[in-house]
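> First the structure, then my questions, so here it is.
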Amino acid sequence: MARNGDDIGRRTASRRGFLSAAAALGTVGLAGCGAPRAESTAAAENAAGGGEAAAEQVAEWSGSDATGVETDHPYTTPRTTIDLDERDGAITVSTTPCRHRLLGDETKGGPWELPEVWAWQTPDTDPSVPGPLLRVTEGTEMEITYDNTEHNRPHTFHVHGLSKNWMDDGVPTTTGQQVAPGEEHTYEITANQPGTHLYHCHYQTQNHLDMGMYGILRVDPEGYEAPDKEAFMTIKDWDTRLSASMAGGDVSFSHRDRNPDAFTVNGRSAPYTFHPEQGSPLIVEEGDRVRIHYVNAGYESHAMHTHNHGFTVVEKDGGVIPEAARHREDVIPIAPAERKTIEFTAGADPGVYALHCHKVNHAMNGDTYPGGMIGGIVYESVTDTEQFASVMEMAGYEA
């Protein structure tokens, strides 16, 4: 459905075009070209404000106000997948200040942006939030080099779930080590625990994780049997004041007063989550065996619900759930840093179905419902329907 005046700059998507675009977001995506690095700002770590003036600023703040804070940072791009097996387990990562779209310009309710995030990047990929999906086979010896020559704050690389040497844990509080600006450090870590794991910066974690420095490391067991469709979904809550304050906006922020006003799936808020190029809709065919790996990179728990598709939880934090302990569910709680993998058969009446946080205020953009932490299950056979075209129009992708 076309809207008057929206033709210029809009991409018209046929059913084939939508499926082609969505396929590019698959779990075995090739690394993209590198983007120019942004100039680092000279600001120090965020200092908490206080007193009556700060309280007045907080009371007047609206999440959409963050969009108006100006920076000259490049924009993030969608997450890519990097096969570490093809690189003999070696990779270099760095951090780039970027601007990040929660909702695109043509998305219903958009644009909505975070004026500054700290995005993971590799020499082969553009900066993204979440960072690149790192995929490797169990037993691989990894060498993860953190290159901090372009950012003006210390950083580290820390990954959950894997056993490692003390000095490779990436936690400066307990190791006394961090990667200072202008330096680099290599972490030697063995992929010794199959499962889906969270990685993030552990320096001043309350800021650096909340500024976007998180991603997924997936360790496949030997002989891993992939399902018909597989998706990795990182869920996250944000207080947009932190991003705005880091970008130099006139707003005070304290983590003691953190109040999330943006909720994302793979870095996007609904309906942008349904966009086949910028979001991460899950495209299925009838009868597919589907596996979704959830990772909570935020600070709040979420109750993730799938519409019309019962599932079983098959993994938790890298541990396989015994078959005798599995049972049908359609809502699961996911705590901060927790990882859960669910599996189901795409056997519902073909359509477009939501999967979302059932803390319903997390499925909002500001005061607008629906929005926020909502993803989608889309059956290929309905991508030529009027209902599907309406969803795509809300997402800013015309069909």
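The values are calculated or read from the model by the stated rules, or taken from the named source; none is laboratory data. Remember, it's a predicted structure, so these values are computed and weren't measured experimentally. Because the Cβ atoms are built from the backbone with ideal geometry, glycine has one as well, and the counts that use them run over all protein chains shown. For the accessible areas, the whole protein counts, side chains as well, though only heavy atoms, and no ligand, DNA or RNA atoms are used. Shrake-Rupley method; radii C 1.70, N 1.55, O 1.52, S 1.80 Å.
> Using the Cα gyration tensor of region 270-395, with a ≥ b ≥ c the square roots of its eigenvalues, what is the shape: rounded (a/c below 1.5), prolate (a/b larger than b/c) or oblate (neither)? Spell out each step's value before the answer.
On the way: a/c = 2.17, a/b = 1.23, b/c = 1.76.
It is oblate, given that a/c is not under 1.5 and a/b is not larger than b/c.
> Need the C-alpha centroid separation for region 177-191 versus region 117-141, integer Å.
Here the two parts' Cα centres lie 15 Å apart.
> Mind giving me the FRET efficiency for S163 and T92? R0 is 25 Å, r the Cβ-Cβ distance, nearest 0.05 is fine. Let's see the in-between values first.
Values: r = 23 Å, r/R0 = 0.92.
Working from the Cβ atoms, E equals 0.60.
> Next question, about the same structure. Filter the trypsin sites (Lys or Arg not before Pro) in region 62-145 to those in DSSP coil with at most 12 other Cβ atoms within 10 Å of their Cβ, and list the result. It would help to have the intermediate numbers written out before the result.
On the way: sites: R79, R87, R99, R101, K108, R135; in loops: R79, K108.
Those that pass, being in a loop and sparsely packed, number zero.
> Using Cα pairs under 8 angstrom and six or more residues apart, how large is the relative contact order of the chain, in percent?
Once divided by the residue count of the chain, the mean separation gives 18 percent.
> Sorted by average packing, counted as other Cβ atoms within 10 angstrom per residue and highest first, what order do 232-245, 143-156, 175-188, 348-361 take?
Values: 232-245: 24.6, 143-156: 19.2, 175-188: 15.7, 348-361: 17.6.
Highest to lowest by the protection proxy: 232-245, 143-156, 348-361, 175-188.
> Ok, one more. Given a 1.4 Å probe, how much area per residue of the chain is accessible, in Å²? Kindly include the intermediate steps, with their values, before the conclusion.
Values: 16360 Å² over 399 residues.
Heavy-atom accessible area per residue stands at 41 Å².
> I want to verify a result. In a Gaussian network model of the chain, Cα cutoff 10 Å, which of these has the top mean-square fluctuation: G376, G68, G131?
Answer for the Gaussian network model of the chain: G68.
> At a Cα cut-off below 17 Å, give the lysines reachable from K359, other chains included and same-chain residues fewer than 8 away excluded.
K359 reaches K236.
> Once you have a ≥ b ≥ c as the square roots of the Cα gyration tensor eigenvalues for region 217-340, tell me rounded if a/c is under 1.5, and otherwise prolate or oblate according to whether a/b is larger than b/c. Each step should come with its number before you reach the end.
Numbers: a/c = 2.28, a/b = 1.81, b/c = 1.26.
It is prolate, given that a/c is not under 1.5 and a/b is the larger ratio.
> In whole angstrom, note down how far apart the Cα centers of region 94-114 and region 306-375 are.
When both Cα centres are located, 25 Å separates them.
> Go through region 120-127 residue by residue and turn each phi into a ³J(HN,Hα) via Karplus (6.51, -1.76, 1.60, θ = phi - 60°); whole Hz please, and just put x for glycine and proline.
Working through the residues one at a time gives 5, 8, 10, x, 9, 10, 6, x Hz.
> Of the heavy-atom accessible surface of region 76-134 (probe 1.4 angstrom), what whole percent is carbon and sulfur?
Numbers: 630 of 1570 Å².
The nonpolar share, carbon plus sulfur, comes to 40 percent.
> Continuing with the same structure: Relative contact order for region 85-129: what is it in percent, counting Cα pairs under 8 Å that are at least 6 residues apart? Show your work: numbers first, answer last.
Values: 68 pairs, mean separation 17.2, N = 45.
In percent, rounded to a whole number, it is 38.
> To continue, here is another question. Gain in length, R16 to A324, computed as 0.36 nm per residue apart minus the alpha-carbon separation, to one decimal in nm? Write out the running numbers ahead of the final one.
Numbers: separation 308, 0.36 × 308 = 110.88 nm, distance 4.12 nm.
Between R16 and A324, full extension yields an extra 106.8 nm.
> Right, next: For the chain, what is the mean residue ellipticity at 222 nm derived from helices alone (per DSSP H run of n ≥ 4: -39500 (n - 2.57); sum divided by total residues; nearest 500 deg cm²/dmol)? List each step's numbers first, then the result.
On the way: 6 runs with 44 residues, N = 399.
For the chain, the value works out to -3000 deg cm²/dmol.
> Hey, another quick one. Looking only at the chain, where both bridge partners belong to it, what percent of the DSSP beta bridges are antiparallel (to the nearest 5)?
On the way: 59 of 82 bridges.
Roughly 70 percent of the beta bridges in the chain run antiparallel, per DSSP.
> Right, another one. Determine the shape class of region 186-281: with a ≥ b ≥ c the square roots of the Cα gyration tensor eigenvalues, call it rounded for a/c under 1.5, and otherwise prolate if a/b is greater than b/c, oblate otherwise.
The shape class here is oblate.
> Next question. Under the 0.36 nm per residue contour assumption, what length would be gained going from the current alpha-carbon distance of A226 and D257 to full extension?
Values: separation 31, 0.36 × 31 = 11.16 nm, distance 4.29 nm.
Gain on stretching A226 to D257: 6.9 nm.
> Follow-up. Under 14 Å from a point placed 7 Å out from the Cα of E286 along the Cα-to-Cβ direction: which residues of region 325-361 have their backbone N that close?
Hits in region 325-361 for E286 at 14 Å: 346-352.
> Roughly how many nanometres apart are two label points built 7 Å out from the Cα toward the Cβ at D349 and T175?
That separation, rounded to one decimal, is 5.4 nm.
> On to the next question. Could you check how much of the accessible area of region 137-262 is carbon and sulfur, as a whole percent, using a 1.4 Å probe? Numbers along the way, then the final one.
Values: 1870 of 4650 Å².
Answer for region 137-262: carbon and sulfur cover 40 percent of the accessible area.
> Only one of the listed values, (1) 0.97; (2) 1.08; (3) 0.95, was derived from the coordinates as Rg/Rh (Cα atoms, Kirkwood Rh); which label is it?
Given (1) 0.97; (2) 1.08; (3) 0.95, the calculated one carries the label (3).
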